[in-house]
Amino acid sequence: MGKDVEVAEQQGGGGGEFSAKDYHDPPPAPLIDFEELGKWSFYRAVIAEFIATLLFLYVTVLTVIGYKSQTDPNLNTDQCGGVGILGIAWAFGGMIFILVYCTAGISGGHINPAVTFGLFLGRKVSLIRALLYMVAQCLGAICGCGFVKAFQKSYYNRYGGGANELADGYNKGTGLGAEIIGTFVLVYTVFSATDPKRSARDSHVPVSS
């Protein structure tokens, strides 16, 4: 049988009876939907993506810079007194958890151009919405890092803005592969968490963050 059909053969009566699938696939989003441009909810969603990405970058970049400052061998600091690697993970995961929770009902809680692009390819959002979402996310990221640089300029310049660096012994190809795999897992998890089939088979929807 097709994967989209739930088969349940019932005993008794005049033979086997089959039930239709117990979920409904939403219709694909139109490629170009000009009607969205006349709705306030559309612009509210774009603003939500901008603010969420701004806050995400502001908090996480500050956390990374603080960690690098605490572990700087040129400074006489207590290297066990900072947030540590686990603290950075909590900052990223916690911010995504909070921001997705706050914006999911407004914009869908994408907060990442990769997620928006993946949902566009899956016909979950229109081209216009995808483009404006990605513009808002990029502008929000720029503004978030800009606030960090404005408030902590010396630390920002000293530690390269908290940018990721390849660890010793790894080349750029390995780093690129790790980024590709990580982005795939992120987008796959978002699709899995929002799959209409999941609510029919599970009593809960896992948090994609």
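None of the figures in this text is laboratory data; all of them are computed from the coordinates on show. Values in this document were obtained by computation on a predicted structure and should not be read as measured data. Note that we place each Cβ from the backbone using ideal geometry, even for glycine, and neighbour counts take in every protein chain shown.
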Unit Cα scatterers, Debye sum, the range 41-160: log10 I(q)/I(0) for q = 0.14, 0.16, 0.20, 0.23 Å⁻¹: -0.64, -0.77, -1.02, -1.21
So for the pair LEU176, SER154, with labels modelled 7 Å out along Cα→Cβ, what separation do we get in nm? 3.9 nm
Debye calc, one equal point scatterer per Cα of the range 29-102, no solvent, log10 I(q)/I(0) at q = 0.22 1/Å comes to -0.95
Measure off 7 Å from each Cα along the Cα-to-Cβ vector at VAL185 and LYS68, then give the distance between these two points in nanometres to one decimal. 2.3 nm
